[in-house]
Amino acid sequence: MTTTAATGTATTTAVRLRGLTRHHRDVRALDGVDLDFHAGTFTAVMGPSGSGKSTLLQCAAGLDRPTAGRVEVGGTSLEGLGERRLTLLRRDRIGFVFQSFNLLPALTAAQNVALPLRLAGRRPSRTEVREALARVGLAGRERHRPGELSGGQQQRVAIARALITRPAVLFGDEPTGALDSTTSREVLDMLRELVDRDGQTIVMVTHDPVAAARADRVVFLVDGRVAGELRAPRVETVTARMTALETETETETAASSKAPASFGTADSSSVTARRSSC
Ligand code: ADP
Ligand code: MG
């Protein structure tokens, strides 16, 4: 816990990254990232395709092991944790949502949400599940199956499932990436409310300046390094910063013999393909 002298308000760090580095052979997916995510804040992570956003989230969530550096979640260092303790920490302290909602189609919304607790050997109460769905604005949808819900509602079920254990942090890798703009706004409103009303900590990767502008802070990554940040972001300031970063990177790339960085093109899907195969 640290106290800000100017305001006297106490802040707790939900996630601390120090010197976070992840290499894949000669690819420096992450290259010495130092970041703090304070409890009860909403951070967006942006950057060109291939800049290390997904790797950052995966390492911070204990889904991938860094080559070097340190990750602390809720005051616990992930370094040196064995697979079993890491699995428990991930289950109890970390929520993760993906672009694809990853719900089990044969289970109802309530059963999907209850799953993490059941896997932990607990029988969740009906009230607990109902409240988790109510927190994401889905009261009364307990018995619906994913196929009977819209994309936005399915993503809310996935978010309720990620929050049922009351994790220290909710990570989202492009959680609105598969949604149309209206539905995407609904999900973003809900994420914002989780932060403002419940004090949830959220770290969300996005390529959408409208989504990023809902956060308290935007962190920009380029080539696996932090390339700056914006506080109290607005759509215009986020767009301007992204354009500047992309122009800078393109100019640098043209001047060097390095393979060009890609912006929203094919390589991210090939990374996904590689990941899903492991
Ligand atoms: P982003 O999410 O910003 O698009 P990623 O974190 O997926 O970027 O990838 C960062 C870099 O690391 C890219 O150059 C990508 O090709 C590389 N990379 C990611 N995962 C792997 C992997 N499993 N094997 C090899 N290279 C990888
Ligand atoms: Mg990615």
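Every number here is computed from the coordinates shown, using simple stated rules; none is lab data. Being a predicted model, the structure only gives us computed values, none of them experimental. Note that each Cβ is placed from the backbone with ideal geometry, even for glycine, and that neighbours are counted across all protein chains shown.
Before rounding to the nearest 500, sum -39500 (n - 2.57) across all DSSP H runs of length at least 4 in the chain and divide by the residue total; then give [θ] at 222 nm in deg cm²/dmol. The per-residue figure over the chain is -12000 deg cm²/dmol.
For residue 169, nonlocal amide neighbours, meaning residues 5 or more places apart or on other chains whose placed amide H falls under 5 Å from its own, are 95.
Backbone geometry of segment 247-255 corresponds, through the Karplus equation with coefficients 6.51, -1.76 and 1.60 at θ = phi - 60°, to 3J(HN,Hα) couplings of 5, 4, 5, 5, 5, 4, 5, 5, 7 Hz, x marking Gly and Pro.
Note on residue 12 and residue 118: the extension gain reaches 35.2 nm, defined as 0.36 nm multiplied by sequence separation minus the Cα-Cα distance. Paramagnetic label reach from residue 70 (point 7 Å along Cα→Cβ; backbone nitrogen cut-off under 19 Å): within segment 19-51, residues 19-22, 31-39. Sequence-ordered 3J(HN,Hα) estimates for segment 231-241 from the Karplus curve with 6.51, -1.76 and 1.60 and θ = phi - 60° stand at 9, 6, x, 10, 3, 5, 5, 5, 4, 4, 5 Hz, glycine and proline given as x.
All other residues whose Cβ lies under 15 angstrom from that of residue 231 are scored, Lys and Arg at +1 and Asp and Glu at -1, for a net of 0. Counting only DSSP beta bridges with both residues in the chain, the antiparallel share comes to about 60 percent. Once the mean of 1/r is taken over each pair of separate Cα atoms and inverted, segment 14-127 shows a Kirkwood hydrodynamic radius of 15.9 Å. Pairwise Cα separations in the chain fall into 10 Å bins from 0 onward with the following percentages, short to long: 6, 28, 36, 22, 6, 1, 0.
When the Debye formula is applied to the Cα atoms of segment 98-253, each taken as the same point scatterer, what base-10 log of I(q)/I(0) results at q = 0.10, 0.16, 0.18 Å⁻¹? Each listed q corresponds, in turn, to -0.41, -0.89, -1.05.
Using the Karplus relation 6.51 cos²θ - 1.76 cosθ + 1.60 with θ = phi - 60°, the per-residue 3J(HN,Hα) values for segment 151-156 come to x, x, 5, 4, 5, 5 Hz, with x marking Gly and Pro.
Across 150, 54, 100, mean-square fluctuation computed from a Gaussian network of the chain (C-alpha pairs under 10 Å connected) peaks at 150. For the chain, excluding the exposed loop sites themselves (trypsin sites (Lys or Arg not before Pro), DSSP loop, at most 10 other Cβ atoms within 10 Å), the longest remaining stretch covers 26-142. Between the listed residues 220, 106, 23, the Cα displaced farthest toward the positive end of the dipole of segment 10-254, a dipole computed from Cβ unit charges relative to the Cα centre, is found at 106. Note on the chain: GNM, Cα springs under 10 Å; of 83, 148, 186, the largest mean-square fluctuation is that of 83. What is the helix-to-structure angle for 126-135, meaning the angle in degrees between its Cα long axis and the longest Cα principal axis of the chain, kept from 0 to 90 and rounded to the nearest 10? On a 0 to 90 degree scale, this one is about 40. How high is the FRET efficiency from residue 166 to residue 244, r the C-beta distance, R0 35 Å, rounded to 0.05? The calculated FRET efficiency here is 0.35.
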